[in-house]
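Note sheet for the following structure.
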Amino acid sequence: MQKHKEPQRKAKKTKRPKNKIKNKYKWNNIMIALCAVAFLFYFGDSLIRKADRSNIETTFIGYGNVKSSIEKEIVIIRNDRVLLAPSDGHYELIYPEGDRVKKGQPIAKSKNQESSEDYNELIEIIEARINDIENPNVSTGESNDLTAINNKLEALYRNLQARVQNDEVEYIDKIKREIEVLNDKKQYYFMDEENITKDKLLEEKNRLINEKTNKNSTIYSDSVGLVSSYYDKNESVLNIPNIKNLSVSQLNKIENTSNIDYTSLIKKGEPVAVISDNSKWYFACEVTKGDIDVIESEKSMAVEIEDVKFNAKLEDFYKDKSGRFVGYFRVEDDRFSFFEKRKYTANLIHQSSEGIAIPNEALTQYQGKTGVFVVERTGVAHFKAISDIAAQDNKFTAVEYAYITEAGKNSVNIYDEIILNPNNIEEGQRVK
């Protein structure tokens, strides 16, 4: 009898918990991520620092002249004496403009086209008419003289027409003047015989004599000063005694005018020359509170106009009716030709220093102090404060050598390498 075999039982497989496997994978991933972050942090920060260092711009401190200045439209204030023409005519200055003249010295003379001979001929005609009245029975030969004048006029008119046709303009003015003189002579031959009297003829003779004298006159200076041809009708207002009565709007309206034109006819009563007192020069302009804060009264400062530099002092300032301030400055030398114009663009230099010039873009605030970051030889940034600024303009700040000597090693010095635009730079940071 066969024994019954019992079926073999399969070994049961051990099942791992699914949560444990997932947790293991999760921790592995976290560890890998942390390692990656640490790697990136370490090497990435190093790369970033290298990139930042490569973007840092530096320069070397050099020597320079730094000027703190204010640009102003200034108006020249001076005492002028205007000399007027005694009669119509053409005038010229005897001395060059800018020459100093004394009181009573001749400074201008007339150069009129009418010569003394023309006046003499007219006076002779008047005298002949007077003689006719005094001696009515004596012939003076006026008819022959009048015929001669008419013949000459006819010849001049033909000559003038020919010159115009040939475009010879250089002769036209001279011919016209000769025609005018002859026509003047003719009028004395055709005076109203009924109304003419000896007294009227004597009056006309005296008029011609005075005109002849005036038209060939010399003009003399009535004061000491510099002779010039600049005249703008502001002489009675823009003078030193009136300097405290000016307003900002008045100064703003001032414009330069053309000088006296000596090539044209100057009429009686018009200016021939101007004598400017050069013992005192002033200029005036609008000043603001900021200007007054930096410009010290009675302290000499340099002024630049058209590449010429001279010294001046702020004498005083006052508030005009509109509430704006007018400052007036006393000029201390005459290196500039103040008599040539009335208004100029000037730079008022209230600070100037020759020393080390630090670019303004290198200045920064660090721990409450103003200074620069200097790159040491080891490539590390070191902050150096600056406390004594001598002058500053739009580009540079100046520190005098005296300050460097007093401050010693902790001060900036010439040829120091400094960081431009030192944003986010820290003391001791390696930058190279």
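A short reminder: the numbers here are calculations on the coordinates, not readings from a lab. Note that the coordinates shown come from a computational prediction; the quantities given were computed from them, not determined experimentally. Note that each Cβ is placed from the backbone with ideal geometry, even for glycine, and that neighbours are counted across all protein chains shown.
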Tell me, how many Å apart are the Cα centres for region 341-362 and for region 74-106? 36
Can you flag which of K321/K341; K174/K233; K233/K309; K67/K432; K111/K268; K152/K198 are past 25 Å Cα-Cα? K321/K341; K174/K233; K233/K309; K67/K432; K152/K198
How far apart, in nanometres, would the label points at A128 and D222 be if each is projected 7 angstrom from Cα along the Cα-to-Cβ direction? 4.2
By Cβ neighbour count within 10 Å, fewest first, R377, R177 rank R377, R177
Using the 10 angstrom Cβ neighbour count as an exposure proxy, how do K343, K103 rank, fewest first? K103, K343
If you build the Cα gyration tensor of region 309-410 and take the root of 5 times each eigenvalue, what three semi-axes come out, in whole angstrom, biggest first? 40, 17, 13
In Å, the C-alpha Rg and Dmax of region 232-306 are 16.6, 51
